[in-house]
1. Return the only residue of S114, S100, S84 being at pLDDT below 95, open to solvent by 50 Å² or more (accessible area, probe 1.4 Å) and over 11 Å from the mean Cα position of the chain (by Cα).
2. Return yes when L20 is open to solvent by 60 Å² or more (accessible area, probe 1.4 Å), in contact with a strand residue (DSSP E or B) (Cβ under 8 Å, 6 or more places away or on another chain) and not charged (D, E, K, R) and no when it is not.
3. List every residue pair whose Cβ atoms lie under 8 Å apart, where the two residues are 6 or more positions apart in sequence or sit on different chains, the first residue falls within the range 96-115 and is more than 15 Å from M34 (Cβ to Cβ), and the second residue, located anywhere, is of a type in the set (D, E) and surrounded by fewer than 11 Cβ atoms within 10 Å (Cβ to Cβ).
4. If we scan the range 54-68, do we find a residue that is modelled with pLDDT of 95 or more, within 21 Å of V5 (Cα to Cα), of a type in the set (K, R) and surrounded by 12 or more Cβ atoms within 10 Å (Cβ to Cβ)?
5. Could you say which residue among N76, N28 is touching a helix residue (DSSP H, G or I) at 6+ places or on another chain (Cβ under 7 Å), within 15 Å of L104 (Cβ to Cβ) and not aromatic (F, W, Y)?
6. Out of all the residues in the range 37-53, which are open to solvent by 30 Å² or more (accessible area, probe 1.4 Å), in contact with a Phe, Trp or Tyr (Cβ under 8 Å, 6 or more places away or on another chain) and of a type in the set (V, I, T)?
7. Given the criteria within 19 Å of S114 (Cβ to Cβ), of a type in the set (V, I, T) and either surrounded by 13 or more Cβ atoms within 10 Å (Cβ to Cβ) or in contact (Cβ under 8 Å) with a residue 60 or more places away in the chain (or both), does V78 qualify?
8. Given the conditions (1) out of contact with any strand residue (DSSP E or B) (no Cβ under 8 Å at 6 or more places or on another chain); (2) at negative phi; (3) in a loop (DSSP other than H, G, I, E, B), which single one is not true for P14?
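The values are calculated or read from the model by the stated rules, or taken from the named source; none is laboratory data. Keep in mind it's a predicted model, so treat the numbers as computed, not measured. Neighbour counts are summed over all protein chains in view; Cβ atoms, including those assigned to glycine, are modelled from backbone coordinates with ideal geometry. Ligands, DNA and RNA are excluded from the accessible area calculation, which covers all protein heavy atoms including side chains. Shrake-Rupley method; radii C 1.70, N 1.55, O 1.52, S 1.80 Å.
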Amino acid sequence: QVQLVESGGGLVQPGGSLRLSCTASGINFNFYTMGWYRQAPGKQRELVAAATSGGNTNYADSVKGRFTISRDNAKNSVNLQMNSLKPEDTAVYYCKAASSIRTLWGQGTQVTVSS
């Protein structure tokens, strides 16, 4: 079965940390660029971070220095370590897998940053 399954969301206070995980099944993971996107209420979905199978990464300016994306090609997984969280990071976070022929999305996981 082809799918992406996310985990790790939740409620955290400002300044806190969360780690999101996404595990892929049914695909050749090494052929895909993996990314994390987020969508806040009333806003468009936006790229947070992405990592190629070769290890290249890119980040949204708003999360640089606070978030780190990492992938484990042996485990078909990609993680997003989020530190120094801010209320404006509140959103549904989605995992995305993209190749030259297919794009897959996970179901999303809610991250809420609030005191």
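1. From the options S114, S100, S84, the qualifying one is S100.
2. So L20 does not fit the description; no.
3. V113/E88
4. No, because not a single residue in the range 54-68 is modelled with pLDDT of 95 or more, within 21 Å of V5 (Cα to Cα), of a type in the set (K, R) and surrounded by 12 or more Cβ atoms within 10 Å (Cβ to Cβ).
5. Answer to the check: N76.
6. none
7. So V78 does not fit the description; no.
8. The number of the failed condition is (1).
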